[in-house]
Amino acid sequence: MNRTGLTVSLVVLAFAALIGYLTLFTVSQTQQAIVLEFGKPKGIITEPGLHYKIPFIQNVVFFDKRILDIDTASQEVIASDQKRLVVDAFARYKIVNALLFFQSLGNEEGANSRLGAILESSLRRVLGAASFATVVRDKREELMRTILSQVNQEAAPFGINVVDVRIKRVDLPEVNMQAIYRRMQTERQRQAAEFRAEGEGASRRIRGTADREVTVIKADATGESERIRGNGDAEKNRIFAEAFGQDPDFFAFYRSMQAYEGALKGDDTRFLLSPNSQFFQYFNNATGKADQPGSSSAAPTPAKPSQSPQAPSDEGPEPEQGASVGTPPPAPEHKLSAGETAPEVQPAP
């Protein structure tokens, strides 16, 4: 094959490829197509595969068969209770009639613009008839279903089926939100103060009840201990009375010894006592019997001149220990308890 034949073959192949490119087209599974002839629809292709058209006379417009979405801008809506709301919503739709869609809207950009206006109008109409609490909390799902129904009715002439309408966010305007947040904060602080006051009151009641119970228990315990101690002391005194009642002199001697023991514990054992004090009666008299007030020791009778002095009889009265002849009568007795300091004894001249 010469060069001329090769060139002709290449030209024919190129022309055939160009004709095939201009004639054949492919529709994918996610698309549907409309064949236009001089701008007029000639056929609708909904099945995927390889199709053909007349070059330079017909052209093909493709539309998506999948679910499309449209997102509206945030807009303010006044609820039925005159509260301003900022609503942000979106919708999902599907092209069910490509020819009607092409004739009424042309393309997806026109559909988004027209459907967005319909959605905003329906939002204002439905949410404006509801209260703030209904939109935010009580019947939000029911309101979205109502909006979906209204949008579908208005979008049906465009060959569109709205699948779903959702309200993403319902807020108050920024100025109102700050005021509401401050009011909510004040309310929460008030509730917290009430809870703290109630807790403090309950704490004081519990503490007062516990203190009262402690006082009652201590009083009962103290009374019981005093009663037991009194019974013990009474029993002790009874036993002492029975024991010492058998010998009163020994009891007196024993009590004196106890007094001496208590009084002579310190380093300084000096005492200032009256000479006739009963505190040291067992030091002055072995029997512990002191002289009665007003009594005096008997002095020996002086001898007469005509008679010779006689020696005192052994049977005569014997002066008491610590007494001397010619001494004045003893002073009144002064009883001194254990640990009491006796008055200083002045020496006789």
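For the reader, a short list of remarks on this structure follows.
- Residue pairs meeting the criteria (Cβ under 8 Å; at least 6 apart or on separate chains; first farther than 11 Å from Ile34 by Cα and modelled with pLDDT under 85, in segment 45-71; second among the hydrophobic types (A, V, I, L, M, F, W, C) and open to solvent by 90 Å² or more (accessible area, probe 1.4 Å)): Ile57/Phe38
- Qualifying residue in segment 162-174 (condition: within 36 Å of the chain's Cα centre (by Cα), open to solvent by 60 Å² or more (accessible area, probe 1.4 Å) and without any contact (Cβ under 8 Å) to a residue 60 or more places away in the chain): yes
- Meets criteria (loosely packed, with under 10 Cβ neighbours inside 10 Å and not hydroxyl-bearing (Ser, Thr, Tyr)) for Glu200: no
- Condition met for Gly110 (modelled with pLDDT under 85 and within 16 Å of Pro157 (Cβ to Cβ)): no
- Within segment 26-71, restricting attention to residues that are closer than 30 Å to Phe90 by Cβ and in a loop (DSSP other than H, G, I, E, B), the residue that is nearest to the chain's Cα centre (by Cα) is Ile67.
- Selected residue (criterion: farthest from Ile44 (Cα to Cα)) from residues of segment 76-124 that are part of a strand (DSSP E or B) and open to solvent by 30 Å² or more (accessible area, probe 1.4 Å): Arg84
- Residues satisfying the stated conditions in segment 257-268, i.e. touching a helix residue (DSSP H, G or I) at 6+ places or on another chain (Cβ under 9 Å) and either at pLDDT 80 or above or loosely packed, with under 11 Cβ neighbours inside 10 Å (or both): Met257
- Filtered residue count, segment 48-67, keeping only those that are open to solvent by less than 60 Å² (accessible area, probe 1.4 Å) and among the charged types (D, E, K, R): 2
- For the residues Arg207, Arg137, Arg212, the requirement of being loosely packed, with under 13 Cβ neighbours inside 10 Å and within 18 Å of Gln82 (Cα to Cα) singles out Arg137.
- Checking each residue in segment 6-27 for being within 30 Å of Lys65 (Cβ to Cβ) and of a type in the set (Gly, Ala, Ser) picks out Ala17, Gly20.
- Taken residue by residue, segment 167-180 has at least one member that is over 26 Å from Ile70 (Cα atoms) and either not in a helix (DSSP H, G or I) or not aliphatic (A, V, I, L, M) (or both).
The values are calculated or read from the model by the stated rules, or taken from the named source; none is laboratory data. These numbers were taken from a predicted model, which means no experiment stands behind them. Neighbour counts run over all protein chains shown; Cβ positions are idealised from the backbone, glycine included. Side chains included, ligands, DNA and RNA excluded: accessible areas come from the protein's heavy atoms. Shrake-Rupley method; radii C 1.70, N 1.55, O 1.52, S 1.80 Å.
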